[in-house]
Amino acid sequence: MTVHELTLHELHDRLRSRELSAVGLAEALFDRIEATDGAIGAYLAVCREQGMEDARRADAQLATGDADSKLLGIPVALKDVLLTEGVPTTCASKILKGFTPPYDGTAVRRLREAGAVLLGKTNMDEFAMGSSTENSGYSITRNPWNPDHVPGGSSGGSAAAVAAGQCVAALGTDTGGSIRQPASFCGIVGLKPTYGRVSRYGVVAYASSLDQVGPMTRDVTDCALVLQAIAGHDAADSTSVDAPVPDYAAALTGDVKGLHIGVPKEYFAAGLQPEVERAARQAIAELEKAGAVVTEVSLPRNDYAVAAYYVIAAAEASSNLARYDGMRYGPRAEAEDLTSTYMKSRAQGFGHEVKRRIMLGTYVLSAGYYDAYYLKAQKVRTLLKQDMEAVLEDCDAIVAPTCPTTAFKVDEMTHDPLQMYLSDILTISVNLAGLPALSVPCGFDDAGLPIGLQIIGKHFDEATVLRLGYAYEQATEWHTRRPEI
């Protein structure tokens with residue numbers, strides 16, 4: 001097995017024993033990116049010079065025997081929505097072309113403090129608005145398992161990079177499923193932590209009450225190790241919660257005996273791809289075989305989740321994106337007066353999907369429509385949250401498919417926004433409720449495309465979610481499969 005196929009914890013052991021150097025590992029990953037990214041398009045920027053400097057620094061630390069950090073010398077990639085000092089951050093939008101942040105976001109800083117090696121910034125749907133990474137202002141990203149298919153979105157570049165062996169781990173952001181859906185489509189592990197578990201400081205905002213940073217990795221152990229590094233209270237983020245951070249790796253016991261799992265009947269409704277349903281039910285049976293107690297439960301108002309989400313998210317986006325006016329960030333259009341400059345800069349800088357959501361959000365917040373749409377959507381959000389919490393009072397976790405289908409083809413849904421939005425129907429409620437959720441590989445469809453299993457937990461109980469994911473992973477081999485590139 002070559003180094004680009006190894007997991008984070010396997011590579012840590014080799015780095016610590018000096019069987020492998022951080023410089024050698026970084027060089028191998030940069031060579032891998034150069035050889036394969038022409039077909040995948042996972043990266044917007046590759047930081048070879050900085051990455052090699054990070055690797056040399058890691059080797060110097062390893063030589064002293066100070067290698068307690070599991071991430072020391074580990075090559076990682078970052079979704080281009082995360083601010084990186086000295087490295088361009090564009091959010092895959094032309095309106096931020098050429099913008100270089102003067103500081104690191106908190107999650108990025110914590111990775112660097114842990115000794116991670118930055119390989120580059122990954123492609124995404126513009127401002128994280130999309131489910132396929134086809135809405136990037138620069139290029140589309142393709143699925144490593146089949147380049148005719150999308151990798152999912154909006155963290156599609158991060159998912160594709162991990163799946164293709166172009167990095168060992170990556171960070172994404174999840175607003176309505178943007179870590180879990182591409183993780184499912186690309187056959188990797190992706191975790192959306194509890195809202196407030198990981199700092200959002202230095203994350204370019206899409207929908208501030210929904211966005212959350214999380215890890216994307218090859219297996220659950222790696223996921224736990226990355227979460228350990230980035231989790232915790234941050235005074236710079238007013239939504240960050242000052243709650244104890246447990247030892248996530250210690251939770252990976254493989255023992256799930258007596259854990260109560262709820263299986264929502266609404267998540268197995270019409271529209272679910274048959275292979276997805278079969279794989280999810282087989283995975284649930286595997287957990288039951290391991291000793292978990294499985295009960296059918298109901299989330300009766302889940303059908304309203306997509307509508308509520310797209311009102312709330314668009315409203316917050318219209319407010320957050322007002323700052324991009326051609327004055328302070330990115331290119332400025334030439335026009336005869338200030339108002340025309342604003343309008344022309346935004347018209348040229350934003351893509352179609354971003355404009356669509358800004359217009360929708362502005363409409364639902366406008367006088368005469370606020371109560372009818374935005375306020376009502378917030379009330380529905382509360383009901384959805386109550387439904388989830390009621391189930392989790394009696395269950396330790398909720399288990400279901402991550403997505404209703406496997407990865408769809410490139411261009412298949414670009415002209416049907418509603419159908420694209422519905423692809424997130426099984427992930428959105430988690431964000432509206434602020435809960436943690438994990439996607440782990442649980443099979444393949446008849447075309448050889450990956451399928452993901454979603455494990456949803458109680459607030460700040462990522463440990464149980466990871467514990468269940470790890471137990472399932474140990475009983476199966478889906479996570480060990482790699483695409484042929």
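What to note about this one:
- Beta bridges per DSSP, both residues in the chain: antiparallel share near 65 percent.
- Taken as Cα centroids, the stretch 344-364 and the stretch 217-285 sit 34 Å apart, rounded to the nearest whole angstrom.
- Kirkwood Rh, angstrom, the chain [1 / mean 1/r, Cα pairs]: 22.1 Å
- Each of Lys265, Lys344, Lys79 was scored by other Cβ atoms within 10 Å of its Cβ. Listed from fewest to most, they are Lys265, Lys344, Lys79.
- Here the Karplus curve 6.51 cos²θ - 1.76 cosθ + 1.60, taken at θ = phi - 60°, turns the phi angles of the stretch 307-319 into couplings of 4, 5, 4, 6, 6, 5, 5, 5, 4, 5, 5, 4, 6 Hz, with x standing for Gly and Pro.
- Arranged from fewest to most other beta-carbon atoms within 10 Å of their beta carbon, Ser209, Ser238, Ser154 become Ser238, Ser209, Ser154.
- Distant-in-sequence amide contacts of Tyr43, defined by a placed amide H-H separation under 5 Å and a gap of 5 or more residues or a different chain, comprise Asn123.
- Neighbourhood net charge (12 Å Cβ-Cβ; Lys/Arg +1, Asp/Glu -1) for Glu353: 0
- Amide proton proximity set for Ala333, modelled H, under 5 Å, gap of 5+: Ser345
- Per-residue Cβ neighbour rank within 10 angstrom, fewest leading, His459, His352, His415: His415, His352, His459
- Residue among Ala114, Ile312, Pro151 farthest towards the positive dipole end of the chain, charges placed on Cβ: Ile312
- Candidate lysines - alpha carbon under 20 Å from Lys385, same-chain residues fewer than 8 apart omitted: Lys192, Lys265, Lys376, Lys458
- Helix-only CD estimate at 222 nm, as mean residue ellipticity for the chain, using -39500 (n - 2.57) per DSSP H run (n ≥ 4): -11500 deg cm²/dmol
- Placed amide H near Val294: partners under 5 Å, 5+ positions off or other chain: Ile261
- Derived scalar couplings ³J(HN,Hα) [the stretch 467-476; Karplus, 6.51 cos²θ - 1.76 cosθ + 1.60; whole Hz; x for Gly, Pro]: 4, 5, x, 5, 4, 5, 4, 5, 8, 9
- Anisotropy class of the stretch 158-269 from Cα gyration tensor, a/c 1.5 cut: rounded
No lab work stands behind these numbers, since they all come straight from the coordinates. Just so you know, these numbers come straight off a predicted model, no measurement behind them. Neighbour counts are summed over all protein chains in view; Cβ atoms, including those assigned to glycine, are modelled from backbone coordinates with ideal geometry.
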